[in-house]
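What follows is a short report on a single structure.
The values are calculated or read from the model by the stated rules, or taken from the named source; none is laboratory data. As the structure is a prediction and not an experimental result, all values here were calculated from the model. All Cβ positions, even for glycine, are placed from backbone atoms using ideal geometry, and neighbour counts span all protein chains on display. Heavy atoms of the whole protein, side chains included, go into the accessibility calculation; ligands, DNA and RNA do not. Shrake-Rupley method; radii C 1.70, N 1.55, O 1.52, S 1.80 Å.
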Amino acid sequence: MLLGVNIDHVATLRNARGTTYPSPIEAALLAETHGADLITLHLREDRRHIKDADVFAIKNAIKTRMNLEMAMTEEMLANAIKVLPADVCLVPEKREEITTEGGLDVLNQQDKVAHYVETLHHAGVRVSLFIAADVQQIQAAYDVGARVIELHTGTYADAPIHHQNQEWQRIRAAAEFAHKLGMTVNAGHGLTIQNVAPIAQIPQIVELNIGHSLIAQAVFLGLPEAIRQMKEAMYRARSLM
Ligand SMILES: CC(=O)[C@@H](O)[C@H](O)COP(=O)(O)O
Ligand SMILES: NCC(=O)COP(=O)(O)O
């Protein structure tokens, strides 16, 4: 199981004072030296954390692969064609949101999503769609040509303890459905060292993208140790399957 380290919130800390530190580029290099299988970052339209310069610098510096998250806008599409990351993950964005709230609504904008998928595929970029654990959305993702999805685990992560199993069941069923279609299934959002194990135990999920809780842990433990503990939790969970 692969771990994508999302470094958005290293940039949040940097931007708090407008300094050059902590450097997202340094964080990306440290993360991949200490176990990150890929580096995920979200260039938001409002640039509240990751900036355009970070994207280009990280693309040129890392040895693993870049998973660039972006909204479906012409500006972001043009930028992605310039950067040419290994992966683009199309995510919904609302200016007023604190963080990503829901999954991309593929079902109700299939022509638009198909255009972004086709354009990025033509440029040699693999495309994943960040969607809710919903069979109709997964089928729509397949129908528009996407062969990779990232299941939004936010409803699982935010669920009250007595609802968590129900949310986990939804994600497990969604992963099974997508896998049967031949899709690559990733997952992410709101995952922590405390809640990651059940998600890691879903056999069809091959990659987890984790950011906020990892960077938070890194404040106390340092990034290498935070990554080590997260990977250990993922592998321990897998070994108990
Ligand atoms: C799509 C997703 O769940 C995250 O990767 C996203 O980047 C969250 O946005 P913030 O990093 O701005 O919280
Ligand atoms: N796509 C999920 C991601 O990259 C990280 O989300 P989070 O762990 O910061 O909530």
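Structure summary
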{"read-out": "Over 27 Å between alpha carbons, listed pairs K112/K180; K51/K94; K94/K231; K63/K94", "value": "K94/K231; K63/K94"}
{"read-out": "GluC sites (Glu not before Pro) within segment 77-184, DSSP loop, no more than 16 other Cβ atoms inside 10 Å", "value": "E96, E97, E101"}
{"read-out": "Accessible area of the chain divided out per residue, in Å², using a probe of 1.4 angstrom", "value": "45 Å²"}
{"read-out": "Rounded percent of accessible protein surface that carbon and sulfur make up, the chain, 1.4 Å probe", "value": "55 percent"}
{"read-out": "20 °C / 1.002 mPa s Stokes-Einstein diffusion coefficient of the chain, Kirkwood radius on C-alpha pairs, µm²/s", "value": "120 µm²/s"}
{"read-out": "Stokes-Einstein translational diffusion, segment 57-123 - Kirkwood Rh over all Cα pairs, 1.567 mPa s, 4 °C, in µm²/s", "value": "100 µm²/s"}
{"read-out": "Helix-derived mean residue ellipticity, 222 nm - over the chain, DSSP H n ≥ 4, -39500 (n - 2.57), to 500", "value": "-14500 deg cm²/dmol"}
